[in-house]
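The values are calculated or read from the model by the stated rules, or taken from the named source; none is laboratory data. Just so it is clear, the model here is predicted, and its values are computed rather than measured. We place every Cβ from the backbone using ideal geometry, glycine too, and count neighbours over all the protein chains shown.
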Amino acid sequence: MNFKVEGKPVFAYTADHELDPGKPTLVFVHGAGLDHSVFALQSRYFGYHGWNVLALDLPGHGRSAGPRFRASKQWQTGFSRFSSTSKFKSQA
């Protein structure tokens, strides 16, 4: 699944399932130098057990465009922008 965040494509693996607003959503965020594939097994498990799954490729990683984040504040800001762009909001 592709999202646009500030006009740039951001990829999220969904375990080959459509997102269902009636299910809880689990978001996996990888570390520096990685991509969504680091959560392949976890994504498939939860995706096949009643959850929406989004395993993100952060900017400059995997299938997402843009420059990589250089500082922790950029990670926080970037993730906040993604979550405000997506149609699924945290229910914390």
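Consider region 37-69 and keep the residues that are within 13 Å of Thr14 (Cβ to Cβ) and of a type in the set (D, E, K, R). The one that is nearest to the chain's Cα centre (by Cα) is Asp57. For region 1-22, a residue qualifies if it is surrounded by 15 or more Cβ atoms within 10 Å (Cβ to Cβ) and either hydroxyl-bearing (Ser, Thr, Tyr) or over 15 Å from Gly62 (Cα atoms) (or both), and the qualifying residues are Val5, Tyr13, Thr14, Ala15, His17, Leu19. Candidates Gln91, Gln74: the one that is at pLDDT below 80, of a type in the set (S, T, N, Q) and assigned to a loop (DSSP other than H, G, I, E, B) is Gln91.
Would you mind stating whether Phe69 is modelled with pLDDT under 85, within 21 Å of Asn2 (Cβ to Cβ) and either touching a Phe, Trp or Tyr at 6+ places or on another chain (Cβ under 9 Å) or of a type in the set (Val, Ile, Thr) (or both)? Criteria met by Phe69. Within region 1-28, being under 9 Å from Leu54 (Cβ atoms) and outside any strand (DSSP E or B) holds for Met1, Thr14, Leu19.
Ala40 falls short on exactly one of the conditions (1) on the phi > 0 side of the Ramachandran plot; (2) at pLDDT 90 or above, and that condition is (1).
How many residues are surrounded by fewer than 17 Cβ atoms within 10 Å (Cβ to Cβ), in contact with a His (Cβ under 9 Å, 6 or more places away or on another chain) and in a loop (DSSP other than H, G, I, E, B) when one looks only at region 29-39? Going through region 29-39 one residue at a time, the tally reaches 3.
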